[in-house]
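K.L.:
Please read through the structure below; I'll follow up with questions.
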2 protein chains.
Amino acid sequence: MDNSTNLTDAQRIDWLRLIRSDNVGPRTFRSLVNHCGSARAALERLPELARRGGASKHLRICSEEDARAELEACAELGVRLIAPGEDGYPPRLAELDDAPPLLGVRGIRDVLMRPMIAIVGSRNASGAGLKFAGILARELGEAGFIIASGLARGIDQAAHRASVESGTVAVLAGGHDRIYPPEHTDLLEAIVEHGAAISEMPLGHVARAHDFPRRNRLVSGLSLGVVVVEAALRSGSLITARLANEQGREVFAVPGSPLDPRAGGTNGLIKQGATLITEAKDVIEAVEPIMGRPLELREEEDEPLVGDPDVADRAQIVGLLGPTPILIDDLIRLSGASAAVVRTVLLELELAGRLERHGGGLVSLI
Amino acid sequence: MDNSTNLTDAQRIDWLRLIRSDNVGPRTFRSLVNHCGSARAALERLPELARRGGASKHLRICSEEDARAELEACAELGVRLIAPGEDGYPPRLAELDDAPPLLGVRGIRDVLMRPMIAIVGSRNASGAGLKFAGILARELGEAGFIIASGLARGIDQAAHRASVESGTVAVLAGGHDRIYPPEHTDLLEAIVEHGAAISEMPLGHVARAHDFPRRNRLVSGLSLGVVVVEAALRSGSLITARLANEQGREVFAVPGSPLDPRAGGTNGLIKQGATLITEAKDVIEAVEPIMGRPLELREEEDEPLVGDPDVADRAQIVGLLGPTPILIDDLIRLSGASAAVVRTVLLELELAGRLERHGGGLVSLI
């Protein structure tokens with residue numbers, strides 16, 4: 001996909017239809033557009049690909065009518081659907097191989113183009129943790145950084161609130177019209193005055209448990225680095241830290257007493273190599289050298305799809321797959337089939353709802 | 001000096017006389033014995049060397065009578081004066097180039113031969129800090145480590161108290177009969193039942209401010225590593241950590257909230273590269289690989305002293321010295337004199353009370 005120019009209205013409708021169709025996530029979207037040449041061409045080939053992948057039921061494809069209705073409803077709410085490379089699409093987010101093809105943005109788009117630091121942590125934070133998150137967000141805001149967080153109770157809330165004036169971005173796990181937690185609706189209204197709210201989910205989508213880790217990859221993906229302020233062992237903030245690490249983002253953690261269970265996660269992160277920080281200066285010094293570095297372009301795979309892979313090849317590739325994730329490169333080597341054939345079969349399986357992609361080139365059968 | 005055999009009674013008297021004479025510290029002691037061949041020979045040459053170094057007053061040399069009196073008073077208190085290599089002289093301490101030539105030991109000498117971990121920290125520690133120091137000392141004690149500390153109020157006291165049964169070593173800044181703080185006399189009596197108290201100072205010596213950093217080098221020097229539990233910025237425990245680092249010992253620090261001033265020093269140590277620890281296991285895992293490593297032998301310099309350096313050489317070397325520390329190697333290069341001549345002149349100046357040695361081969365004029 002070409003990131004340097006804006007979509008036409010017709011293209012935006014096609015992109016929206018494709019990403020809102022069954023079994024099409026950001027990675028599949030990218031793969032389809034690269035292989036078929038355009039979202040329009042991909043939409044035409046979807047039913048055939050899914051059938052060949054062994055879809056057990058009819059693949060629901062988003063209609064043009066539904067896509068237009070969503071765009072209109074978005075416009076009424078002040079939400080714009082923005083593609084990578086368009087103004088308002090955060091440049092660092094566009095680097096990810098699972099960057100949302102269309103990001104719903106409400107508020108001031110300019111802030112999304114500025115350097116961001118994520119601040120995350122416990123929902124049931126201590127008074128000291130809340131206070132520290134506020135100080136840090138304010139000081140980073142004064143230094144020109146936009147604060148990204150997840151609009152949750154606790155640390156997220158404290159970080160957003162302290163950076164309402166300087167600019168903050170709330171990353172939503174549900175649709176723009178389904179704010180969670182509902183009591184943060186007023187906070188969100190204040191946020192979008194000088195900052196923004198973003199979501200990759202359709203309007204009306206109510207966030208469920210598995211949407212939060214998915215959302216967390218956007219929080220870290222937007223940012224130069226993620227600061228974890230307070231986190232117990234095995235908490236959601238540690239997932240954000242792990243994703244940040246996988247995305248090559250800096251991970252910062254705020255230390256605490258070993259006797260404070262709310263510091264168990266952050267102390268653990270430092271043991272694993274995260275940078276201990278106690279003040280905004282520590283964060284700024286660490287990210288300054290990165291800010292000057294040019295963004296890495298994503299590696300594009302633009303071989304065309306194979307028309308119809310051989311039945312024996314398909315059977316062999318499916319046979320090599322199981323519930324344990326395996327590298328696509330290993331699949332190519334073990335099957336003896338060409339990379340194009342393997343990728344086509346995987347795309348078919350994915351559209352049939354039978355394949356899961358894990359990132360890092362790993363796939364498994366569902 | 002030969003570390004592998006025990007001193008004779010006569011040698012111990014000579015050693016004690018030499019180290020108790022004016023302007024003779026551990027490094028000068030070692031230099032004198034290496035250059036002159038024995039403590040006895042060094043005692044004979046002291047007046048001449050000091051005079052040539054430009055001593056402004058008569059150099060007081062400890063008499064045989066005074067040395068015998070100190071040994072007898074020590075014996076009455078149950079204190080033994082032990083030389084490096086003798087049973088009860090901590091092997092890691094013997095590695096230091098400023099190891100005390102005679103260490104006053106009271107209590108169970110065996111514990112001084114076992115692996116030690118130092119635990120140090122604030123005198124005005126928080127309840128959480130005191131509790132953590134106790135837990136850590138108990139767990140390290142159960143794992144077979146001896147706990148070294150400085151008998152101070154706060155963290156030191158908590159660490160000693162929790163390891164009285166498993167074995168702990170109190171390192172004193174004054175003489176064995178001048179316990180500081182005085183209210184820890186009972187604690188010290190409990191310590192020496194299963195552990196030991198050590199001091200390099202003569203009986204009767206009341207600790208003054210500059211004796212504490214000097215003592216701290218022994219706390220770290222005894223140990224495989226030093227744990228700093230709580231420390232404000234610019235506190236004495238940070239001096240111990242710096243010395244530990246210079247001695248090649250592991251430095252461990254316990255994290256705390258950035259809003260807690262008593263964690264400012266420990267968080268700072270972690271930023272500078274100390275290992276963050278939250279439990280005994282962290283310390284044990286870090287020191288286990290070191291325990292197997294053989295002790296490093298000190299590099300001996302045993303060239304004989306130059307009989308009487310040339311007046312011009314001496315004047316030139318003194319001219320190169322100033323209040324800013326300079327490397328002895330640079331002095332040799334800049335002066336063009338031989339290493340033996342430079343070392344002899346430095347020894348003369350030291351005995352005359354005009355030279356300060358800083359460790360790391362650095363010297364300055366006083």
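K.L.:
Suppose a student asked you for the relative contact order of chain B, using Cα pairs under 8 Å spaced at least 6 residues apart; what percent would you report?
P.N.:
Relative contact order of chain B: 17 percent.
K.L.:
About the Cα centre, and with charges only on the beta carbon of Lys, Arg (+1) and Asp, Glu (-1), how big is the dipole of the range A:18-84? Nearest 20 debye, please. Before the final figure, lay out the partial values.
P.N.:
Values: 11 positive and 9 negative charges, 90 e Å.
Roughly 440 debye for the range A:18-84.
K.L.:
Round to the nearest 10 and give me the degree value, 0 to 90, for the angle of helix A:280-291's Cα axis relative to the longest principal axis of chain A.
P.N.:
Once rounded, one gets 30 degrees.
K.L.:
Rounding to the nearest 10 and keeping the result within 0 to 90°, find how far the Cα-based axis of helix A:9-19 lies from the longest principal axis of chain A.
P.N.:
In chain A, helix A:9-19 runs at an angle near 90 degrees to the longest axis.
K.L.:
Run through the other copies and list how far each one's label point is from that of A:R40, in nm with one decimal, shortest first; the point sits 7 Å from Cα along Cα-Cβ.
P.N.:
For A:R40, the other copies' label points sit at 10.7 nm, shortest first.
K.L.:
Which residue, A:L259, A:L331, A:L320, has the most motion in a Gaussian network model of chain A that connects Cα atoms within less than 10 Å?
P.N.:
Result: A:L259 has the largest fluctuation of those listed.
K.L.:
Another question about this same structure. How are the alpha carbon pair distances in the protein assembly as shown distributed across 10 Å bins from zero to the largest one, expressed in percent?
P.N.:
3, 13, 17, 16, 13, 11, 10, 8, 6, 2, 0
K.L.:
What share of the DSSP beta bridges in the range A:224-366 is antiparallel, in percent to the nearest 5? If you can, show how the numbers build up before the last one.
P.N.:
Values: 6 of 12 bridges.
Among the beta bridges of the range A:224-366, antiparallel pairing accounts for roughly 50 percent.
K.L.:
Could you name the lysines in cross-link range of A:K57, using Cα to Cα under 30 Å and dropping any fewer than eight places away on the same chain?
P.N.:
none
K.L.:
Counting pairs of Cα atoms in chain B, how many percent are more than 30 Å apart? Write down the numbers at each step before the final one.
P.N.:
Details: 26963 of 66795 pairs.
Considering chain B, 40 percent of its Cα-Cα pairs are separated by more than 30 Å.
K.L.:
Write down, largest first, the equivalent ellipsoid semi-axes of the range A:182-308 in whole Å, where each equals the square root of 5 times an eigenvalue of the alpha-carbon gyration tensor.
P.N.:
On the way: eigenvalues 161, 100, 62 Å².
Semi-axes (√(5λ), whole Å): 28, 22, 18.
K.L.:
To the nearest 10 degrees, how steeply does helix B:39-52 sit against the main Cα axis of chain B, on a 0 to 90 scale?
P.N.:
60 degrees
K.L.:
Can you list the HN-Hα couplings for the range A:120-128, worked out from phi with the Karplus curve (6.51, -1.76, 1.60; θ = phi - 60°), rounded to whole Hz and with x for Gly and Pro?
P.N.:
Once θ is set to phi - 60°, the couplings for the range A:120-128 become 9, x, 4, 6, 9, 6, 7, x, 5 Hz.
K.L.:
Taking a 22 Å limit on the Cα-Cα distance, which of the listed pairs A:K281/B:K131; B:K131/B:K271; A:K271/B:K271; A:K131/B:K131 fall beyond it? Walk me through the numbers before you get to the answer.
P.N.:
On the way: A:K281/B:K131 32 Å; B:K131/B:K271 24 Å; A:K271/B:K271 12 Å; A:K131/B:K131 25 Å.
Over 22 Å apart, Cα to Cα: A:K281/B:K131; B:K131/B:K271; A:K131/B:K131.
K.L.:
Just to be sure I understand: of the beta bridges DSSP finds with both ends in the range B:55-202, what percent are antiparallel, rounded to 5?
P.N.:
Details: 8 of 17 bridges.
Bridges in the range B:55-202 that DSSP calls antiparallel: roughly 45 percent.
K.L.:
Another question about this same structure. Please state, rounded to one decimal and in Å, the Kirkwood hydrodynamic radius that the range B:59-205 gives when every pair of distinct Cα atoms enters the mean of 1/r.
P.N.:
Values: mean 1/r = 0.0639 Å⁻¹.
Taking the inverse mean of 1/r over all distinct Cα pairs, the range B:59-205 comes out at 15.7 Å.
K.L.:
How long are the semi-axes of the equivalent ellipsoid of the range B:140-208, defined as square roots of 5 times the Cα gyration tensor eigenvalues? Whole Å, largest first. Spell out each step's value before the answer.
P.N.:
Working: eigenvalues 87, 26, 19 Å².
Each semi-axis is the square root of five times an eigenvalue, giving 21, 11, 10 Å.
K.L.:
If you take the square roots of the eigenvalues of the alpha-carbon gyration tensor of the range B:208-275 and sort them as a ≥ b ≥ c, do you get rounded (a/c under 1.5), prolate (a/b over b/c) or oblate?
P.N.:
Values: a/c = 2.51, a/b = 1.40, b/c = 1.80.
Since a/c reaches 1.5 but b/c is at least a/b, the shape of the range B:208-275 is classed as oblate.
K.L.:
Mind jotting down the three principal axis lengths of the range A:305-363 based on Cα atoms? Whole angstrom, largest first.
P.N.:
26, 23, 18
K.L.:
Follow-up. Given label points at 7 Å from Cα along Cα→Cβ, what nm distances, shortest first, separate A:G273 from the same residue in every other copy?
P.N.:
Those separations, rounded to one decimal, come out as 1.9 nm.
K.L.:
For chains A and B related by rotation, which residue of A has the Cβ nearest the axis, and what is the rounded distance in Å?
P.N.:
A:P255, 2
K.L.:
Bin width 5 Å, origin at 0, all Cα-Cα pairs of the range A:1-131: what percent of pairs per bin?
P.N.:
In whole percents, the pair-distance histogram is 2, 9, 17, 20, 16, 13, 9, 6, 5, 2, 1, 0.
K.L.:
As a test of the formula, what do you get for chain B when each DSSP H run with n ≥ 4 contributes -39,500 (n - 2.57) and the sum is divided by the residue count, at 222 nm and rounded to the nearest 500 deg cm²/dmol?
P.N.:
Details: 15 runs with 162 residues, N = 366.
Result for chain B, helices only: -13500 deg cm²/dmol.
K.L.:
Same structure again: Against the globular-protein guess of 2.2 N^0.38 Å, express the Cα radius of gyration of the range B:263-366 as a ratio, rounded to two decimals.
P.N.:
Numbers: Rg = 20.7 Å, N = 104, 2.2 N^0.38 = 12.8 Å.
Dividing the Cα radius of gyration by 2.2 N^0.38 Å gives 1.61.
K.L.:
Rule-of-thumb check for the range B:101-173: C-alpha Rg over 2.2 N^0.38 Å? All intermediate terms of the calculation are to be shown ahead of the outcome.
P.N.:
Details: Rg = 11.9 Å, N = 73, 2.2 N^0.38 = 11.2 Å.
Ratio of Cα Rg to 2.2 N^0.38 Å: 1.06.
K.L.:
Can I ask one more? Using a Gaussian network model of chain B whose springs link C-alpha atoms within less than 10 Å, name the residue from B:R45, B:R153, B:R12 with the highest mean-square fluctuation.
P.N.:
Checking each option, the largest mean-square fluctuation is seen for B:R45.
K.L.:
Please identify the trypsin sites (Lys or Arg not before Pro) of the range B:204-297 that satisfy two criteria: DSSP loop assignment and at most 13 other Cβ atoms within 10 Å. Which are they?
P.N.:
Details: sites: B:R208, B:R214, B:R215, B:R217, B:R234, B:R242, B:R249, B:R262, B:K271, B:K281; in loops: B:R208, B:R234, B:R249.
Filter output for the range B:204-297: B:R208, B:R234.
K.L.:
Which distances, shortest first and in nm, link B:D97 to the matching position in the other copies, using label points set 7 Å out along Cα to C-beta?
P.N.:
List, nearest first: 5.4 nm.
K.L.:
Further question on the same structure: Between A:E356, A:E183, A:E279, find the one with the highest GNM mean-square fluctuation for chain A; connect C-alpha pairs within less than 10 Å.
P.N.:
A:E183
K.L.:
As I understand it, the dipole of the range A:72-230 uses +1 on the Cβ of Lys and Arg and -1 on the Cβ of Asp and Glu, about the Cα centre. Which of A:V169, A:S122, A:G150 lies farthest toward its positive end?
P.N.:
A:S122
K.L.:
Still on this structure, I have one more. Can you tell me the mean projection area, over all orientations, of the convex hull of the range B:68-145's alpha carbons? Units nm², please.
P.N.:
Numbers: hull surface 28.2 nm².
Mean orientational projected area (the range B:68-145, Cα hull): 7.1 nm².
K.L.:
Work out the P(r) tail for the range B:50-112: percent of alpha carbon pairs separated by more than 18 Å, whole number. Present the calculation step by step, with values, prior to reporting the outcome.
P.N.:
On the way: 1038 of 1953 pairs.
Result for the distance tail: 53 percent.
K.L.:
Given Cα positions, please report Rg to Rh for the range A:162-243, the hydrodynamic radius being the Kirkwood one.
P.N.:
On the way: Rg = 12.9 Å, Rh = 13.5 Å.
With Rg and the Kirkwood Rh in hand, the quotient comes to 0.96.
K.L.:
Let me ask something additional. How big is the Rg/Rh ratio for the range A:15-67, C-alpha atoms only, Rh by Kirkwood, two decimals? Mind dumping the intermediate values first?
P.N.:
On the way: Rg = 10.3 Å, Rh = 11.1 Å.
With Rh from the inverse mean 1/r over Cα pairs, Rg/Rh is 0.93.
Read the figures in this text as sums done on the coordinates, not as results from a lab. None of these values were measured; they are calculated from a predicted model. Cβ atoms come from the backbone with ideal geometry, glycine included; neighbour counts cover every protein chain shown.
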